[in-house]
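The values are calculated or read from the model by the stated rules, or taken from the named source; none is laboratory data. Keep in mind it's a predicted model, so treat the numbers as computed, not measured. Note: ideal-geometry Cβ built from the backbone for every residue, glycine included; neighbour counts use all protein chains shown.
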Amino acid sequence: MKKAILIIISYVCFTLSCNSIPKNVRNAFTYCYTGKYTGIDTLININGYYSVGDYYNATPIMFYDNGLVAIGNVSYNMEQVDKNKPLFYKEIAENPETKKAKYFYNLINCGGYVICGDTIKIQMIRGSCSMDDNIRGMERWYKVINKDALLFLGSFVLTTGKKEKEFNENREDLKITFVPVPVKPQPDYFWILKEKWFWCNEQDWKDYMEKIKQKKIEKK
């Protein structure tokens with residue numbers, strides 16, 4: 001009985017920890033979100049996603065022109081999504097209140113980006129967590145090759161610790177290419193937008209939360 005109680009307590013504590021971003025990761029996250037137009041679509045195509053490898057084995061990276069970025073696959077059936085990404089994203093975009101869509105929007109890796117000349121720098125937070133949650137944040141750099149291709153330069157753990165931020169140790173020089181899709185998931189529903197610390201301006205966060213609240217009321 002005592003063992004069962006300890007297991008339950010451990011599970012609850014772990015679950016609660018997954019619902020909050022570690023302080024050292026939040027402090028290291030400097031690409032705060034404004035929701036304003038970034039001009040990224042003048043550098044690269046964003047009506048789709050970027051991926052490593054061929055179409056069916058892609059890990060999608062989706063850029064939005066308001067400073068938001070989403071990375072990774074999230075689905076109940078990963079094999080099915082890999083073979084039907086455009087249809088999957090269309091379904092998620094058109095039906096954001098379904099169980100499948102909420103699962104996607106609440107667990108996908110999200111973050112912000114800045115444009116530095118020909119380089120796009122991303123800071124992202126994992127949508128899911130592990131027992132080693134101090135590495136939940138990552139920074140990645142991509143060099144623009146042309147409108148349809150980026151060069152992944154490398155990444156490092158996003159913390160305030162100096163030893164984790166040695167960028168050159170993880171340099172990779174890996175090319176990722178653009179894959180168009182007719183409809184992308186709606187940016188308003190990604191979990192990270194509900195986090196006040198992610199926003200540059202607190203009032204903008206409040207306005208967003210009110211907008212989401214009104215959307216829910218209208219759907220009832």
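Results, tabulated for the structure shown:
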read-out: Matching residues in region 170-200 - criterion: being of a type outside the set (Asp, Glu) and either farther than 30 Å from LYS143 by Cβ or in a helix (DSSP H, G or I) (or both); value: ASN170, PRO187, TYR189, TRP191, ILE192, LEU193, LYS194, LYS196, TRP197, PHE198
read-out: Filtered residue count, region 157-169, keeping only those that are β-branched (Val, Ile, Thr) and either assigned to a strand (DSSP E or B) or at pLDDT below 55 (or both); value: 1
read-out: Test: GLY154 is assigned to a loop (DSSP other than H, G, I, E, B), at pLDDT below 90 and surrounded by 16 or more Cβ atoms within 10 Å (Cβ to Cβ); value: no
read-out: Residue in region 42-85 that is modelled with the highest pLDDT, counting only those that are part of a loop (DSSP other than H, G, I, E, B) and of a type in the set (Ser, Thr, Tyr); value: TYR64
